[in-house]
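The values are calculated or read from the model by the stated rules, or taken from the named source; none is laboratory data. This one's a predicted model, so the numbers in the text were calculated from it and none came from an experiment. Backbone-built Cβ (ideal geometry, glycine too); neighbour counts: all protein chains shown. Side chains included, ligands, DNA and RNA excluded: accessible areas come from the protein's heavy atoms. Shrake-Rupley method; radii C 1.70, N 1.55, O 1.52, S 1.80 Å.
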Amino acid sequence: MTPFTLRPYRDADEDAAIDLWHRTWQLAYPAIDFDKRVDWWRARWRGELVPQAAIVVAEQDGALTGFVTIDASGYLDQLVVGPEQWGTGLAAALVDEAKRLSPREVTLKVNADNVRALKFYQRAGFITTGEEVNSSARPVLNMRWAP
């Protein structure tokens with residue numbers, strides 16, 4: 001396997017990042033029609049995440065294979081890794097980069113039924129700090145990492 005590289009997001013990455021988000025979430029939640037959410041996601045990407053967060057992307061063989069977003073408060077809004085990269089260490093490298101960018105703490109929300117993600121974040125040192133329901137009426141867990 002060709003190694004991946006991490007670098008800052010560029011505007012030219014938008015389509016690849018949105019496609020990766022769409023493909024990954026559709027695989028994780030096949031009962032939800034993410035085709036209907038792409039326009040909403042693109043607006044959120046452009047209007048909220050790109051202006052307010054540091055975005056680090058992973059590339060492999062010239063293709064965008066993952067990304068992480070973290071804002072100035074240490075909130076990790078998105079960690080997206082292509083399914084082909086699951087288990088390769090790419091997600092851990094992106095989380096480590098988020099920790100480097102926010103060394104005091106990193107917080108996030110994760111769907112409570114996403115067992116794979118929960119186990120991953122627990123292995124990365126995150127602890128559950130609370131629960132809530134998101135805008136899709138799904139239970140989510142609030143998680144936090146601090147050194």
Just to be sure before I move on: is Gly66 in contact (Cβ under 8 Å) with a residue 24 or more places away in the chain, touching a Lys or Arg at 6+ places or on another chain (Cβ under 7 Å) and not acidic (Asp, Glu) in the structure I sent? no
Starting from residues that are open to solvent by less than 10 Å² (accessible area, probe 1.4 Å) and in a loop (DSSP other than H, G, I, E, B), keep the ones in the range 46-96 and report whichever is nearest to Arg23 (Cα to Cα). Gly82
Cβ pairs under 8 Å, 6+ apart or interchain, first in the range 10-22 and within 10 Å of Phe67 (Cα to Cα) and part of a helix (DSSP H, G or I), second among the polar types (S, T, N, Q) and open to solvent by 80 Å² or more (accessible area, probe 1.4 Å), ordered by first then second residue, are none
Only unsatisfied item for Leu6, checking (1) assigned to a helix (DSSP H, G or I); (2) surrounded by fewer than 18 Cβ atoms within 10 Å (Cβ to Cβ); (3) of a type in the set (A, V, I, L, M), is (1)
Given the conditions (1) at pLDDT below 95; (2) out of contact with any Lys or Arg (no Cβ under 9 Å at 6 or more places or on another chain); (3) in a helix (DSSP H, G or I); (4) buried (at least 17 other Cβ atoms within 10 Å of the Cβ), report the number of the one that Trp40 does not fulfil. (4)
Tell me which residues, restricted to the range 104-141, are touching a Pro at 6+ places or on another chain (Cβ under 8 Å) and over 19 Å from Thr69 (Cβ atoms). Ala112, Asp113, Glu131, Glu132, Val133
Tally time: how many residues in the range 60-76 are at pLDDT below 95 and either of a type in the set (D, E, K, R) or touching a Pro at 6+ places or on another chain (Cβ under 8 Å) (or both)? 2
For the range 97-128, which residues satisfy the criterion of being of a type in the set (Asp, Glu), within 22 Å of Val57 (Cβ to Cβ) and exposed (fewer than 14 other Cβ atoms within 10 Å of the Cβ)? none
Residues that are β-branched (Val, Ile, Thr), within 14 Å of the chain's Cα centre (by Cα) and modelled with pLDDT under 90: does the range 7-27 have at least one? yes
